[in-house]
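Written below as structure tokens is the structure these notes are about.
The values are calculated or read from the model by the stated rules, or taken from the named source; none is laboratory data. If you're wondering where the values come from, they're calculated on a predicted model, not measured in any experiment. Cβ sites come from the backbone with ideal geometry, for glycine too, and all protein chains shown count toward neighbours. These accessible areas exclude ligands, DNA and RNA; they are computed on the full protein's heavy atoms, side chains included. Shrake-Rupley method; radii C 1.70, N 1.55, O 1.52, S 1.80 Å.
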Amino acid sequence: MVEWLVSFFPVLVVAILIFNIYQKKYGEQGIQKRMATFFMAAGVLGLFAVITFLKHKGLPVYYAMIYLVAVVVSFILNRKRAWPYKLKCEVCGQRLGWEDVLFLDGNTHSSCRPVPTESIEEATE
Ligand SMILES: [Zn+2]
């Protein structure tokens, strides 16, 4: 069962990294969400490496639970950075569109985002 599940990990890592590359389209506006998917891929790749190492050495695969616990604890301690995806706008509380949820940092509608004060000053001059 575990070996069957682990055989999908490289495909999962590649899928997450393809999604990560697609997130690059949004540049600086989505850097936190892009880093989150990158670390997600690194976590899955690490689990794949640990299980492969354990199988290679003939050790029980459940030793990988130590790695898994470490990843889950690190995820919980860094949850704001590890899972920046929110479904509701932080300003008005309405549901966000998929682009705002998956790609853009801030978790707000474009109409709810505060306008930078520098651009207001430039516009009035
Ligand atoms: Zn809003």
Practice task
Within region 8-18, count every residue that is within 16 Å of Phe103 (Cα to Cα) and surrounded by 15 or more Cβ atoms within 10 Å (Cβ to Cβ).
Solution key: 2
Exercise for the section: Identify, by number, the condition in (1) within 16 Å of the ligand (Cβ to nearest atom); (2) assigned by TED's automatic domain parsing to the domain that holds Asn20 that Asn107 doesn't meet. Expected result: (2)
Practice task
Would you check if Met1 is surrounded by 18 or more Cβ atoms within 10 Å (Cβ to Cβ) and not assigned by TED's automatic domain parsing to the domain that holds Phe103?
Solution key: no
Problem - Qualifying residue in region 46-57 (condition: at pLDDT 95 or above, of a type in the set (Lys, Arg), surrounded by 14 or more Cβ atoms within 10 Å (Cβ to Cβ) and more than 16 Å from the ligand (Cβ to nearest atom)) - result: no
Practice task
Starting from region 80-94, keep only residues that are assigned to a loop (DSSP other than H, G, I, E, B), then list their pairs with residues that are more than 7 Å from the ligand (Cβ to nearest atom) and open to solvent by 100 Å² or more (accessible area, probe 1.4 Å) whose Cβ atoms are within a distance under 9 Å, requiring at least 6 positions of separation or different chains.
Solution key: Pro84/Gln32; Leu87/Arg95; Cys89/Arg95; Val91/Pro114; Gln94/Lys88
Exercise for the section: Just one of (1) without any contact (Cβ under 8 Å) to a residue 40 or more places away in the chain; (2) in the same structural domain as Glu3 (by TED's automatic domain parsing) trips up Met35, so point out which. Expected result: (1)
Exercise for the section: Determine whether region 46-59 contains at least one residue that is assigned by TED's automatic domain parsing to the domain that holds Pro114 and of a type in the set (Val, Ile, Thr). Expected result: no
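Hey, can you tell me all the residues within region 75-99 that are among the β-branched types (Val, Ile, Thr) and either at pLDDT 95 or above or in the same structural domain as Gly30 (by TED's automatic domain parsing) (or both)?
Matches in region 75-99: Ile76 only.
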